[in-house]
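Scroll down for the structure; my scribbles are underneath it.
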Amino acid sequence: MNITIKVGTAEKEPAEVVVFYLYEDAKTLCESLARADKALNNIVSELIREKRFVAKSNKTIILPTYGKIRAKRIMLVGMGKKKDVTPDKIRQAAGTTATTLRDMGICGGASMMDSIDIPQPAGEWYQAYSEGVLLALYQYRKYKTIPPEDQQEFKALTLLVSGEGEPGIVRESVTHGQIIADAVSFARDLINTPSRDKTPGILADIARKMSREVGIQCKIVSLPEIKKLGMGGLLGVAQGSAQPPKFIILEYNAHAKNQDTVVFVGKGITFDSGGICLKQAKDMDIMKSDMSGGAAVMGAMKAISRMKFPRHVVGLIPCAENMPGGSAIKPGDIITFYSGKTAEVANTDAEGRLILADALAYAEKYKPAAVIDLATLTGSCVVALGTVVTGMLGNSEELKKRVKSAGEKTWERVWELPLWEEYQEQIKSDIADIKNVGGPYAGAITAACFLSRFTEKYPWVHLDIAGTSWCEKNNAYAQKGASGVGVRLLVQLIRNWDRFSEVK
Ligand code: BES
Ligand code: MN
Ligand code: ZN
């Protein structure tokens, strides 16, 4: 998919379709649309006057032009009320534009950007626009045997801009949007891949290949070394599977150690059957997505490296398959983690916290200024917050603020749950330091309590993405399946790291 930028006007553009954006509460048509409207015998103003087109968010209409202007058709896309417009509304409108045209079998078009009336500074908005187009067009088709000639593809979009000074900013922002959409698509591909084709070993190979491509360091820690390190959580979870675990370590800008180091940790369970505490069959297939946190970290590292941010960033991804094999860990077993602490495994389906415990304790060696972990950790978080927002818990007000702000900027929003002392009671064990479940109440919180025992030495935020990592149905810029949540948020967090005090 190609996005090009061009200075030009709508009537003169020889496109299959020219797209205009309209606000529900606008009193008049914008200049470029007014000109096209006039050439088209006022069809647009008539439609609006007769309320046959109301510019609510993501509503569209396509009209033929019968040769009255150079484009074959025009499309109108509703934006809702002008006062409610946000970069995410633009992302959605762009996504709706792209998929609507694709589904009509149209393979290219031009968007009249001045019809959006983008506020200054424009960069963020253009970036959101190109993200929306590219993310919406993402499809996971690897295992579909559609002959190429039957595949409908939207191939090229021209952004028509009027201003002379604009193309520079626009070009840079569109490039950023492309890098980010590529990283999100990379994460989505990993998450949508069936577990048998992304075992911990395969994931490690993919991480190595990606690292080589974008020039970051990649170290894969394999079974003998995982044993030597004493990562009992990762070993314990993996021992019921025929697939050996891997611990992926990605490092960007390793030389810049004189400044703040940020560590990302991503849960990399390539399939979560529940282990001996086996899950029910219904929807178990979705548990191939239990490495969404790991995928988000890999995607974010890819984008951060390509965008060349001046920061030392580390990505840690413990990978294992949670299976009920003959040598699987059993309820009642006790494991000893990398940090030396012990835990009673009360439920083998609470495996995420076990592998994260080792990775979070390992993160200490980087003396990080911040550690952010992402994990599809608890069904309880989905019960509490649904699929709209990611759960956030942590031990640093300052870091929580940073994450919240990055969430709002990217519309990958987070909502805080309390990590109060009182909840720690629930994970007390009779025979080990802690146990891995905290009873029926406040499951997302007690899971974070468990993690908090391994993050005492640095500012830390935990993001529970169990509800946000998977889309149950198509939306404006994501098809059903993996959302790739977390990639955009992490990139934004790093992008704003030094400027945070000014921009929050
Ligand atoms: N991977 C699951 C959590 C999950 C549930 C993610 C639904 C996405 C959608 C996690 O490993 C798990 O099984 N958690 C258990 C914990 C319980 C046994 C304490 C849960 O939430 O039921
Ligand atoms: Mn589980
Ligand atoms: Zn899990």
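Below is a table of values for the structure above.
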{"quantity": "P(r) histogram, all alpha-carbon pairs of region 224-302 included - 10 Å bins from 0, percent", "calculated": "15, 39, 32, 11, 3, 0"}
{"quantity": "Total charge dipole magnitude, region 251-344, about the Cα centre, Cβ charges on Lys, Arg, Asp, Glu only, Debye to nearest 20", "calculated": "400"}
{"quantity": "Efficiency of FRET from Cβ geometry, K228 and N258, R₀ 30 Å, rounded to 0.05", "calculated": "0.50"}
{"quantity": "Proximal charge balance of G484 [Cβ under 10 Å; K/R count +1, D/E count -1]", "calculated": "0"}
{"quantity": "Part-to-part distance (alpha-carbon centres) for region 330-367 and region 429-504, which is given in Å", "calculated": "17"}
{"quantity": "Of K72/K142; K246/K267; K59/K473; K341/K428, pairs whose Cα-Cα distance is over 22 Å", "calculated": "K72/K142"}
{"quantity": "Distant alpha-carbon pairs in region 1-145 (separation over 23 angstrom), percent", "calculated": "32"}
{"quantity": "Protection proxy ranking, peptides 296-304, 275-283, 29-37, 426-434, average beta carbon neighbours within 10 Å, highest first", "calculated": "296-304, 29-37, 426-434, 275-283"}
{"quantity": "Under the span-like rule (Cα at least 15 Å along the axis, Kyte-Doolittle mean at least -0.5), DSSP H helices of the chain", "calculated": "123-137, 167-192, 200-214, 292-307, 352-363"}
{"quantity": "Full-stretch length increase - D150, D333 - with 0.36 nm per residue and alpha-carbon distance subtracted", "calculated": "60.5 nm"}
{"quantity": "GluC sites (Glu not before Pro) within region 33-135, DSSP loop, no more than 13 other Cβ atoms inside 10 Å", "calculated": "E50"}
{"quantity": "Ellipticity estimate at 222 nm from DSSP helix runs (n ≥ 4, -39,500 (n - 2.57)) divided over the chain, nearest 500", "calculated": "-10500 deg cm²/dmol"}
{"quantity": "Cα gyration tensor shape for region 182-495, rounded if a/c is under 1.5, else prolate or oblate", "calculated": "rounded"}
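Values in this text are rule-based calculations from the coordinates and carry no lab data. Just so it is clear, the structure is predicted and the values come from calculations on it, not from any experiment. Glycine also receives a Cβ, built like all others from the backbone with ideal geometry; neighbour counts cover every protein chain displayed.
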